[in-house]
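Trainee: For reference, the structure I am asking about is given below.
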Amino acid sequence: MTEESTTPAIVLEKVSKRFGRKVVLDELDLTVAKGESLVVLGKSGTGKSVLLKHLIGLLEPDSGKVLIDGEDLWSLSEEERGKRRRKFGMSFQEGALFDSMTVGENIAFPLQRHTKMSKDEVAARVAECLDLVKLPGAESKKTSELSGGMRRRVGFARAIALTPQILLFDEPTTGLDPITTDVITKLILAMRDKLNPTAVTITHDLKVAFTIADRVALLRDGRIVMDLPPKEFEAVDDPHVKAFVAGDSSFEDPEETTLR
Ligand SMILES: Nc1ncnc2c1ncn2[C@@H]1O[C@H](COP(=O)(O)OP(=O)(O)O)[C@@H](O)[C@H]1O
Ligand SMILES: [Mg+2]
């Protein structure tokens, strides 16, 4: 294999991040190979969203390195780092759509901003993305008319509009009913099949994790304390992992949940 194809998509080297006195990431190491799907589990407030924001360069580590395709994000100029951000498609918690825009306008937004595509090309790409998330013809819908599941799907469509190499999903099914969760899970699988991206997904849902992951990692005390293929992860003899696998709700710290 060439060096290019063996360079991991994502490497975090001893990444530390604190807010005030609270250490959120503590010399965290993580590698994600190209095309791999990693799922990160961890209780609320452990720093899962903070971790994702480091991958995409929205947060700067206090120390340590973030390498994307072998490039140290924070040794680049701000402009160059901004360009690297286009390698990513991120679906934020709750979808984060622009409510003043239609569905079509939401998806067209990154295309208009970052490409020189003509109006027709944009329209065609928007239609393609809506097809992929199983919402064909939804362009003119208002985002306020959408159900929770549909909002996530439109968020996905916007995230993939620029054909990113790396997809980040922050709690894609949190707050959805089981049937919609299933639809979204299948959609993530379909997007993987079609786009073959590197993917990092954060979820609380074990079923979702084991369905979409090549590797499952557990974030605790600022570090990845477990990092295994789904089958092995499920079988691990560790109280924290078992609490997750058993769906132990007492594992959630109610005080920290409000901080999410
Ligand atoms: N921009 C910020 N400023 C200060 N504290 C933050 C910021 N972002 C996150 N935090 C804190 O970092 C911790 C981890 O947050 P987060 O990554 O959102 O947790 P989660 O694992 O639930 O996604 C929390 O205590 C949160 O309050
Ligand atoms: Mg979060």
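Values in this text are rule-based calculations from the coordinates and carry no lab data. Please read all numbers here as calculations on a predicted model, not as lab measurements. Methodologically, a virtual Cβ is constructed for each residue, glycine included, from the backbone with ideal geometry; neighbour enumeration extends over all protein chains shown.
Trainee: From the backbone phi of the stretch 188-198, what are the Karplus-calculated ³J(HN,Hα) couplings (6.51 cos²θ - 1.76 cosθ + 1.60, θ = phi - 60°) in whole Hz, Gly and Pro given as x?
Mentor: Per residue, the Karplus-derived 3J(HN,Hα) values read 4, 4, 5, 5, 4, 4, 6, 9, 6, x, 6 Hz.
Trainee: What is the fewest-to-most order of V23, V216 by other Cβ atoms lying within 10 Å of their Cβ?
Mentor: Listed from fewest to most nearby Cβ atoms, that is V23, V216.
Trainee: Report, by chain and number, residues whose modeled amide H sits under 5 Å from the one on D62, excluding near sequence neighbours (fewer than 5 apart, same chain).
Mentor: When sequence neighbours closer than 5 places are left aside, the close amide H contacts are S16, K17, R18.
Trainee: Kindly state, to the nearest 0.05, the FRET efficiency for F210 paired with A243, given R0 = 25 Å and r defined as their beta-carbon distance.
Mentor: 0.95
Trainee: Exactly which trypsin sites (Lys or Arg not before Pro) in the stretch 33-117 are in a DSSP loop and have at most 14 other Cβ atoms within 10 Å?
Mentor: Listed in order of number, the matching sites are K116.
Trainee: Quick one: what do you get for the chain if you divide its Cα Rg by 2.2 N^0.38 Å? Intermediate results must be reported in sequence, preceding the final value.
Mentor: On the way: Rg = 18.3 Å, N = 260, 2.2 N^0.38 = 18.2 Å.
Compared with the compact-globule rule of thumb, the chain sits at 1.00.
Trainee: With charges only on Cβ, +1 for K and R and -1 for D and E, what is the dipole size of the stretch 3-257 about its Cα centre, in debye, rounded to 20? Provide the component values of the computation, followed by the final result.
Mentor: Details: 36 positive and 42 negative charges, 145 e Å.
It works out to roughly 700 debye.
Trainee: Compute, for the stretch 1-146, the length of the dipole vector about the Cα centre, with Cβ point charges of +1 (Lys, Arg) and -1 (Asp, Glu) only. Units Debye, rounded to 20.
Mentor: Taking the Cα centre of the stretch 1-146 as origin, the dipole is about 460 debye.
Trainee: I'd like the FRET efficiency for D221 and T163, computed as 1/(1 + (r/R0)^6) with the beta carbon distance as r and R0 of 30 Å, rounded to 0.05.
Mentor: Efficiency at R0 = 30 Å is approximately 0.25.
Trainee: For the stretch 67-207, what Kirkwood radius comes out of the mean inverse Cα-Cα distance, in Å?
Mentor: Roughly 15.6 Å, rounded to one decimal.
Trainee: Please give the helix 148-160 orientation as an angle from the longest Cα principal axis of the chain, in degrees from 0 to 90, rounded to the nearest 10.
Mentor: Rounded to the nearest ten degrees, it is 80.
Trainee: Provide the gained length on full extension for the span S144 to K231, in nm with one decimal, where the gain is 0.36 nm per separating residue minus the Cα-Cα distance.
Mentor: Values: separation 87, 0.36 × 87 = 31.32 nm, distance 3.99 nm.
Answer, rounded to one decimal: 27.3 nm.
Trainee: Could I ask something else about it? Relative contact order, percent, of the stretch 123-176 when contacts are C-alpha pairs under 8 Å separated by at least 6 residues?
Mentor: 36 percent
Trainee: Related question: With axes computed from alpha carbons, what is the tilt in degrees of helix 103-114 against the longest principal axis of the chain, rounded to the nearest 10 within 0 to 90?
Mentor: Between the helix axis and the principal axis of the chain, the angle is about 80 degrees.
Trainee: Select from I184, T203, T102 the residue farthest towards the positive end of the dipole of the chain; place +1 on Cβ of Lys and Arg, -1 on Cβ of Asp and Glu, and compute about the Cα centre.
Mentor: Of the listed residues, the answer is T102.
Trainee: Whole-Hz Karplus ³J(HN,Hα) for the stretch 36-50, in order, using 6.51 cos²θ - 1.76 cosθ + 1.60 and θ = phi - 60°, x for Gly and Pro?
Mentor: 7, 10, 9, 10, 10, 9, x, 6, 4, x, 7, x, 5, 5, 4
Trainee: Explain nothing, just compute: Karplus ³J(HN,Hα) = 6.51 cos²θ - 1.76 cosθ + 1.60, θ = phi - 60°, for every residue of the stretch 169-179 in order, whole Hz, x for Gly and Pro.
Mentor: 3J(HN,Hα) across the stretch 169-179, in whole Hz: 10, 9, 6, x, 10, 4, x, 9, 6, x, 5.
Trainee: Given contacts defined as C-alpha pairs under 8 Å and at least six residues apart, what's the relative contact order of the stretch 3-257, whole-number percent?
Mentor: 26 percent
Trainee: Please state the relative contact order of the stretch 1-83 as a whole percent: Cα pairs under 8 Å, 6+ residues apart?
Mentor: 35 percent.
Trainee: Tilt of helix 119-132 relative to the longest C-alpha principal axis of the chain, in degrees (0 to 90, nearest 10)?
Mentor: Once rounded, one gets 50 degrees.
Trainee: Quote the FRET efficiency, to the nearest 0.05, computed for D120 versus D182 with a Förster distance R0 of 41 Å and r equal to the Cβ-Cβ distance.
Mentor: 0.70
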